[in-house]
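I have placed the structure first, in the form of structure tokens, so that the comments after it can refer back to it.
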Amino acid sequence: MEPLATSLLLLTLAAFPAPQFGAPQPQGPVATASAVVEHVSAAPGGTIEVGLRLELPEHWHVYWSNPGDSGLPTSVHWTAPEGFRVSAPHWPAPQRFVTGPLASYGYAKEVLLASTITVPEDWKGGSVKLELRGDWLVCHDDLGCFPESKTFELEVPIAAGPAKPTAAAPYFAAARGATPRALEGGEARLVKHPEGMALRVRFPDAVQQPVPETPPERRSDFDLAAYEPLFFPFESGHLEPSAPQRATVDGRTLELVLVAPLDPRRTEPGTLAGVLVLRPRTPGPLLSFELLAEPPH
């Protein structure tokens, strides 16, 4: 591990309370990590969907790209031959974990951080060898935090024609369903509020003739009040992660009060980018949207 990364890790671990005396410590890795691929092969000029999958025991979690008050983002680094293009990881919508006065953003139970690898059109090899290096910090409220890492090698056949899905294909489908999408036809804006700042999100009007592919927010029966909203900023320092985000709903408009950190050096953001997660109050799929909120007029 690089010296700077080691220093950051030590500072991060110092932010957590010491494990309870006598608490059982993990023997070996906490997370079950695997490198997975969505299809058994890829065509020249096509793409390969690959990912790092982490399975976690109950009460453990890993971190999102912005970890919140403490923690470290999970790192996914793919190495491919020259000419192959590798995307950044696609981050599913996170959840918030509150421990005392601190709050962090991340994932419990399992997460798949997928990347898209584009194959050169002139690739002549019968297969491609890929290497994955994953690094993550896994944490438990009582037992503390532990850095883990693992390196994998994958060999994917390159062949023309359609490819069959692997046994891991459902994990990729689930991750895509949990990945924030654009709020087409909607609008996000920061507005002044007596408590500081609020995020006002106007959802699009319902379509007149929905089809099976029509997203929930475009249907006439969409009810914002049936969801618990939470906004996750992409960058730290703009919001207090542990502060409640009080919500008001007026038809298809949502307003969330956002509490800024008590830092005299802090400056007001011009725009605020992040992910709005709508978690249903009754069993059902969550909705998540990537937003760029414009500053107040």
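Only residues of the range 37-56 count here: report those whose backbone N is under 17 Å from the spot 7 Å along Cα→Cβ of residue 84, or say none.
37-53
Arrange 158, 48 by Cβ neighbour counts within 10 Å, fewest through most, would you?
Ordered by Cβ neighbours within 10 Å, fewest first: 158, 48.
Which label belongs to the value computed from this structure, given these candidates for mean projected area of the Cα convex hull in nm²: [x] 19.4; [y] 14.9; [z] 15.8?
Read-out from the structure maps to [x].
Taking 0.36 nm per intervening residue step and subtracting the Cα-Cα distance, what contour gain separates residue 129 from residue 213 on full extension?
Here the segment from residue 129 to residue 213 would lengthen by 26.6 nm.
So what is the calculated 222 nm ellipticity per residue for the chain, using -39500 (n - 2.57) for each DSSP H run with n of 4 or more, over all residues, to the nearest 500 deg cm²/dmol?
-2000 deg cm²/dmol
Which of 237, 190, 130 sits closest to the plus end of the dipole of the chain, meaning its Cα is farthest towards the positive end, when Lys and Arg get +1 and Asp and Glu get -1 on the C-beta?
Working it through, the farthest residue towards the positive pole turns out to be 190.
Hey, which of these cross-link pairs are over 23 Å Cα-Cα: 124/164; 109/164; 129/150?
Check vs 23 Å cut-off fails for 109/164.
Hey, what do the phi angles of the range 68-81 turn into as Karplus ³J(HN,Hα) couplings, whole Hz, using 6.51/-1.76/1.60 and θ = phi - 60°, x for Gly and Pro?
Listing the rounded values in order: x, 5, 7, x, 9, x, 5, 10, 10, 10, 9, 10, 9, x Hz.
Efficiency by 1/(1 + (r/R0)^6): what FRET value for residue 103 and residue 294, r their Cβ-Cβ distance, R0 = 22 Å, to the nearest 0.05?
The formula returns an efficiency of 0.25 here.
How charged is the neighbourhood of residue 141? Take every other residue with its Cβ under 14 Å from the Cβ of residue 141, and add Lys/Arg as +1 and Asp/Glu as -1.
With Lys, Arg at +1 and Asp, Glu at -1, the net is -2.
From the phi of every residue in the range 153-158, what ³J(HN,Hα) in whole Hz does the Karplus formula 6.51 cos²θ - 1.76 cosθ + 1.60 yield, where θ is phi - 60° and glycine or proline is x?
Along the range 153-158, the couplings run 10, 10, 10, 10, x, 10 Hz.
We did not get these values from a lab; they are worked out from the coordinates using the rules stated. Note that the structure is a prediction, hence the values are computed from the model and not measured. Heads up, the Cβs are rebuilt from the backbone with ideal geometry, glycines too, and the neighbour counts pull from every protein chain shown.
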